Amino acid sequence: MTDSPVTIITGSSRGIGRTTAELLASRGHSVVVSSRNQDSCEAVAESIRSAGGEAVAIACHIGREEDLAALVEKTVAHFGRLDNVIMNAASNPVYGPSSQVDRNAFDVIMHNNVFGAMRLAHLARPHLEKADRPAIALVSSIAGQFGNKLIGVYGMSKAAEEQLVRNLSLELGPAGIRVNAVAPGLVKTDFAQALLDDERMVRYFETTTPLRRLAEPDDIAGVLAFLVGPDSAWLSGQVLTADGGLSVTGGF
């Protein structure tokens, strides 16, 4: 069994998830790099190990319950413990108004983003209960806090995730498990490429956001490290909006 805290990070082969895995590894966490593709995960884990960190790659599709169960089981089998879970992976197959979202796309978005997160939390619970100050952190989005015409159903799933944070904080709190989330604005990642390819949207974010720039993955990774770290030990059931101040302008 490792003496360092063990943290699962879903969707960590790139973007916010990868940056978070690298940051936590540099701070002494043993990290589980996870996404759908094992080779992509292994490349990140090897990079972390080469830098002196401790990491293992475990592929997982967040929409498959058997994958979620295997992710938890393999983590505990490898490291002997589980201290934190960061839920970063998400699905959004449609960029456009809700009239373009068919039943299949709707079910994928809601199942992967909401049910997947809820199920992973409950699968992890028996192991988290044994940890010292365990934490769960979700990556939500300001899309869940305002109406919009382009990623509205994705925003609905993120609004549901924020309610999930509140519910889980009540259900898991008596076991000592904290549950929080970060809601980023527009971040420069592959996942947000459809928005980044929209010059009008990028220009809006750059000129309306009080800090006058888009977020980088490390802007959000630092918040996630805080949410699973000792400095947030008295924080649970909360959603921290990390959007450069955009939300105080009235939305997007």
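Each value in this text was obtained by applying a stated rule to the coordinates, not by laboratory testing. Owing to the predicted nature of the structure, the values given are computational and were not obtained by experimental measurement. Backbone-built Cβ (ideal geometry, glycine too); neighbour counts: all protein chains shown.
Observations on the model:
- In the range 15-159, the convex hull through the Cα atoms has an average projected area of 9.0 nm², a quarter of its surface area.
- Counting only residues at least eight positions apart within a chain, or on another chain, the aspartates and glutamates with an alpha carbon under 17 Å from that of Lys74 are Asp39, Glu42, Glu54, Glu65, Glu66, Asp83.
- Phi-based couplings in Hz for the range 4-20 (Karplus 6.51, -1.76, 1.60; Gly and Pro marked x): 8, x, 9, 10, 7, 10, 7, x, 10, 7, 6, x, 4, x, 5, 4, 5
- Scalar couplings 3J(HN,Hα) for the range 176-190, obtained by applying the Karplus form with A = 6.51, B = -1.76, C = 1.60 to θ = phi - 60°, are x, 9, 8, 9, 9, 8, 10, 10, x, x, 6, 10, 6, 9, 4 Hz; x denotes Gly and Pro.
- Calculated from the alpha-carbon coordinates, the range 121-168 shows an Rg and a Dmax of 13.9, 44 Å respectively.
- Note on the chain: antiparallel DSSP beta bridges, both residues inside, total approximately 0 percent of the bridges counted.
- Separation of the Arg14 and Gln100 label points, Cα + 7 Å toward Cβ, nm: 2.0
- Point-to-point label distance, Arg212-Gln193, nm (Cα→Cβ direction, 7 Å offset): 3.1
- Summarised as an ellipsoid, the chain has semi-axes of 28, 19, 18 Å, derived from the eigenvalues of the Cα gyration tensor scaled by 5 and square-rooted, with the largest first.
- Viscosity 0.692 mPa s, 37 °C: Kirkwood-radius Stokes-Einstein D of the range 106-196 over Cα pairs, µm²/s: 235
- Ordering of 177-183, 135-141, 104-110 by packing [mean C-beta count within 10 Å, highest first]: 135-141, 177-183, 104-110
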